[in-house]
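Before any comments, here is the structure.
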Amino acid sequence: MPKVIVFFAHPRPHRSEINLPLFETARSIEGVTAVDLYADYPDFSIDIDREQDRLRAHEVIVFQHPLYWYSAPALMKEWLDLVLEHGFAYGHEGKALHGKIFLNAVTTGAKQDAYSQTGMNHAELRSLLGPFEKTADLCGMRYLAPFALFGAGRALEESRLESHRLGYEKLLKALVSGRLDLQKAAAAPVLSGELESFLLTGEAV
Ligand SMILES: Cc1cc2nc3c(=O)[nH]c(=O)nc-3n(C[C@H](O)[C@H](O)[C@H](O)COP(=O)(O)O)c2cc1C
């Protein structure tokens, strides 16, 4: 069974309405290692060896974070800059991540229609997260479409949080059991709480 690790980044978790409950869900799933990066490294002093060992020990890597300025909170970028070293993650000898799966589980303040060619951002979420996809590509990982909750600021009052939380649970369990249709999930523009069509039927792979 693939081992899944969720790296969570939120600089103010006590003010998080959405990501914190999602992370608690990740924490509760057997077979998922849940890492709170800001709790582990409040001073940004990242233990590179520990993080590389964590990566070696897992086959699926999830970055869970709110979208901040079209990217992730700063510690996540620091983590990428320091942990994905030459000779480990890329370069002639750098094959530690080859064949692993990577995805962003992200929440956005703006509504879904803002993330389209004709919307406010004139781009899809997946293309705005391009630096993560390119990083995954360069390191030989398979990038899946982002699992996204749009319009996060109104998700609670519009009763959208619970279905998204259940979708996240389903996604992580499907990754742990090998029941996610990786080809389909890699090709999609975005993954949402409606996961049924991305699940394989029959025997786990
Ligand atoms: C510093 C900062 C930058 C943000 N940048 C974006 C952004 O680029 N696009 C967007 O849609 N929302 C943006 N937001 C809104 C957050 O994505 C939103 O508040 C978050 O997903 C809600 O999740 P939470 O309740 O876990 O904090 C930003 C919020 C902050 C505080």
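Yes or no: S116 part of a helix (DSSP H, G or I) and within 16 Å of the ligand (Cβ to nearest atom)? No: the conditions fail for S116. Among the residues making up the stretch 170-202, those that are of a type in the set (A, V, I, L, M), closer than 20 Å to I5 by Cβ and assigned to a helix (DSSP H, G or I) are L171, L172, A174, L175, V176, L182, A185, A186. For the residues P11, P42, the requirement of being at pLDDT 95 or above, within 16 Å of the ligand (Cβ to nearest atom) and either part of a loop (DSSP other than H, G, I, E, B) or within 15 Å of the chain's Cα centre (by Cα) (or both) singles out P11. The set of residues from the stretch 129-152 being within 18 Å of K77 (Cα to Cα), free of Cβ contacts under 8 Å to residues at least 60 places away in the same chain and surrounded by 17 or more Cβ atoms within 10 Å (Cβ to Cβ) comprises L129, E133, T135, A136, C139, Y143, P146. Taken over the stretch 91-112, the criterion of being crowded, with 19+ Cβ neighbours inside 10 Å and outside any loop (DSSP other than H, G, I, E, B) is satisfied by I101, F102, L103, N104, A105, V106, T107. Tallying residues that are free of Cβ contacts under 8 Å to residues at least 24 places away in the same chain and surrounded by 15 or more Cβ atoms within 10 Å (Cβ to Cβ) within the stretch 27-71 yields 2. For the stretch 102-113, taking the residues that are polar (S, T, N, Q) and near the ligand (Cβ under 8 Å from one of its atoms), the one that is farthest from L161 (Cα to Cα) is identified as T108.
The values are calculated or read from the model by the stated rules, or taken from the named source; none is laboratory data. Because the structure is a prediction, the values reported are computed rather than measured. Positions of Cβ are generated from backbone atoms using ideal geometry, with glycine treated the same way; all protein chains shown enter the neighbour counts.
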